[in-house]
């Protein structure tokens with residue numbers, strides 16, 4: 001949703017702080033956060049209102065806090081409509097299910113989020129939807145050549161999940177529109193703030209709110225944003241017909257996270273770049289996969305389209321046995337060993353066991369580590385990595 005010419009607030013931090021305030025609160029009782037109602041049943045004023053769907057008639061996704069979260073996310077994503085889902089994967093799956101039917105084909109970047117790939121290759125295939133993958137760095141022209149009569153949707157993720165390949169989102173979306181094909185972008189890395197796919201021609205923007213919006217590794221949520229009213233109606237029907245719902249408490253946590261996300265994300269990004277630059281000069285490092293580094297293959301696209309970086313990037317180590325990788329990870333103290341990311345804490349995982357490619361092979365000099373740089377002091381994180389790398393070298 002674009003900024004109104006009469007709106008005096010231009011900065012992202014200011015707008016997120018003010019977005020999603022629940023309407024109808026009296027000035028005497030107005031609180032900083034939205035009203036938190038926990039309810040399945042909504043008590044209605046009259047018999048006629050029981051079947052009046054212009055007003056909330058049931059507590060599923062229609063309470064004040066849900067409205068507040070959707071309003072905040074519309075501001076974040078520059079969107080006219082936002083649908084809420086119980087996780088990032090549910091949002092990815094929901095966006096796909098809302099637009100395809102049996103006999104359709106989906107084209108997907110080879111680097112998409114692993115569970116999204118599993119959903120496409122499993123449930124969608126079982127229901128008659130085919131998914132074909134293209135190389136993660138394919139050009140718009142190369143993708144254009146893959147579009148056929150059955151192609152309904154192109155699924156993108158830039159930077160790519162785990163391996164951080166960059167795609168030219170504006171160019172691919174332009175080709176898709178010309179061919180009458182929809183586009184969906186998993187925009188979780190950019191947190192909806194560092195890059196806005198809807199502003200660059202995408203039809204659907206998926207966001208795992210579990211990560212930076214909630215920001216504390218204690219809530220599962222996802223969203224799908226669009227500016228297309230027909231797609232919005234499809235998303236609404238999917239949510240209604242499948243009974244998808246999120247709890248008021250989780251919605252409240254997400255609204256709270258929105259208020260501080262801009263300042264948290266800035267710290268994640270600057271600390272992540274600092275560590276990435278440091279790692280790039282270490283003898284144990286073969287390559288750092290960080291779009292903000294000038295040496296990275298996708299840097300030009302990142303610099304053109306993104307306003308910053310988050311704390312997530314990849315580290316390719318020099319060739320070594322798995323025992324050395326385990327020695328590195330087990331030596332870490334500040335970097336926890338765990339999946340997901342986007343919380344205040346730093347995390348590390350070994351990625352090789354989960355990489356799957358069918359369009360083009362993944363090639364790397366050595367083992368791939370994914371790091372999430374949290375809000376700890378960068379000097380402490382560097383000391384932690386120094387100890388881990390020493391253990392890696394000793395075991396290599």
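The values are calculated or read from the model by the stated rules, or taken from the named source; none is laboratory data. Remember, predicted model here, so these are calculated numbers, not experimental data. So basically every Cβ, Gly included, is an ideal-geometry build from the backbone, and we count neighbours across all protein chains shown.
Assess whether residue 331 counts as being surrounded by fewer than 20 Cβ atoms within 10 Å (Cβ to Cβ), on the phi < 0 side of the Ramachandran plot and touching a residue at least 24 places away in the same chain (Cβ under 8 Å). For residue 331, the condition - surrounded by fewer than 20 Cβ atoms within 10 Å (Cβ to Cβ), on the phi < 0 side of the Ramachandran plot and touching a residue at least 24 places away in the same chain (Cβ under 8 Å) - is met.
Here is the figure for the range 304-326: residues that are surrounded by 13 or more Cβ atoms within 10 Å (Cβ to Cβ) and in a helix (DSSP H, G or I) total 4.
This table checks each residue for (1) free of Cβ contacts under 8 Å to residues at least 40 places away in the same chain; (2) in the same structural domain as residue 295 (by TED's automatic domain parsing); (3) more than 30 Å from residue 116 (Cα to Cα).
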site: 312; (1), (2), (3): no, yes, no
site: 347; (1), (2), (3): yes, yes, no
site: 376; (1), (2), (3): no, yes, yes
site: 390; (1), (2), (3): no, yes, yes
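In summary, strands (runs of 3 or more DSSP E) completely within the range 72-140 and bearing 2 or more residues that are farther than 26 Å from residue 229 by Cα and over 17 Å from the mean Cα position of the chain (by Cα) occur at 130-134.
Answer yes if at least one residue in the range 121-129 is closer than 27 Å to residue 145 by Cβ, surrounded by fewer than 18 Cβ atoms within 10 Å (Cβ to Cβ) and in contact with a helix residue (DSSP H, G or I) (Cβ under 8 Å, 6 or more places away or on another chain), and no otherwise. No, there is no match, as no residue in the range 121-129 is closer than 27 Å to residue 145 by Cβ, surrounded by fewer than 18 Cβ atoms within 10 Å (Cβ to Cβ) and in contact with a helix residue (DSSP H, G or I) (Cβ under 8 Å, 6 or more places away or on another chain). Residue under question is residue 117, and the condition is that it be surrounded by 18 or more Cβ atoms within 10 Å (Cβ to Cβ) and farther than 22 Å from residue 201 by Cβ; does it hold? Considered against the rule, which asks whether it is surrounded by 18 or more Cβ atoms within 10 Å (Cβ to Cβ) and farther than 22 Å from residue 201 by Cβ, residue 117 comes out as yes.
One residue stands out in the range 52-71 among those that are touching a helix residue (DSSP H, G or I) at 6+ places or on another chain (Cβ under 6 Å) and within 17 Å of residue 224 (Cα to Cα): the one that is modelled with the highest pLDDT, namely 69.
In the range 2-31, of all residues being within 18 Å of residue 66 (Cβ to Cβ) and at pLDDT 60 or above, the one that is nearest to the chain's Cα centre (by Cα) corresponds to 16.
Do we find that residue 355 is surrounded by 13 or more Cβ atoms within 10 Å (Cβ to Cβ), outside the structural domain of residue 115 (by TED's automatic domain parsing) and touching a strand residue (DSSP E or B) at 6+ places or on another chain (Cβ under 6 Å) in this structure?
No; evaluated as a whole, the condition is false for this residue.
Yes or no, residue by residue, for (1) within 25 Å of residue 137 (Cβ to Cβ); (2) at pLDDT 95 or above:
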position: 260; (1), (2): no, yes
position: 285; (1), (2): yes, yes
position: 299; (1), (2): yes, yes
position: 310; (1), (2): yes, yes
position: 323; (1), (2): no, yes
position: 343; (1), (2): no, yes
position: 356; (1), (2): yes, no
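For the residues 199, 203, the requirement of being touching a helix residue (DSSP H, G or I) at 6+ places or on another chain (Cβ under 8 Å) and outside the structural domain of residue 295 (by TED's automatic domain parsing) singles out 203. Checked against the criterion of being at pLDDT below 95 and in a loop (DSSP other than H, G, I, E, B), the range 193-215 has no qualifying residue. Close Cβ contacts (under 6 Å, 6 or more residues apart or on different chains) running from residues in the range 138-161 that are assigned by TED's automatic domain parsing to the domain that holds residue 200 and on the phi < 0 side of the Ramachandran plot to residues that are surrounded by fewer than 17 Cβ atoms within 10 Å (Cβ to Cβ) and modelled with pLDDT of 95 or more comprise 147/179. Considering (1) free of Cβ contacts under 8 Å to residues at least 40 places away in the same chain; (2) within 16 Å of the chain's Cα centre (by Cα); (3) in a helix (DSSP H, G or I), the lone condition that residue 240 does not fulfil carries the number (2). Counting residues in the range 296-311 that are within 15 Å of residue 279 (Cβ to Cβ) and more than 20 Å from the chain's Cα centre (by Cα) gives one or more. Every condition in (1) in contact with a strand residue (DSSP E or B) (Cβ under 7 Å, 6 or more places away or on another chain); (2) under 30 Å from residue 263 (Cα atoms); (3) crowded, with 23+ Cβ neighbours inside 10 Å is met by residue 153 except one, and the failing one is (2).
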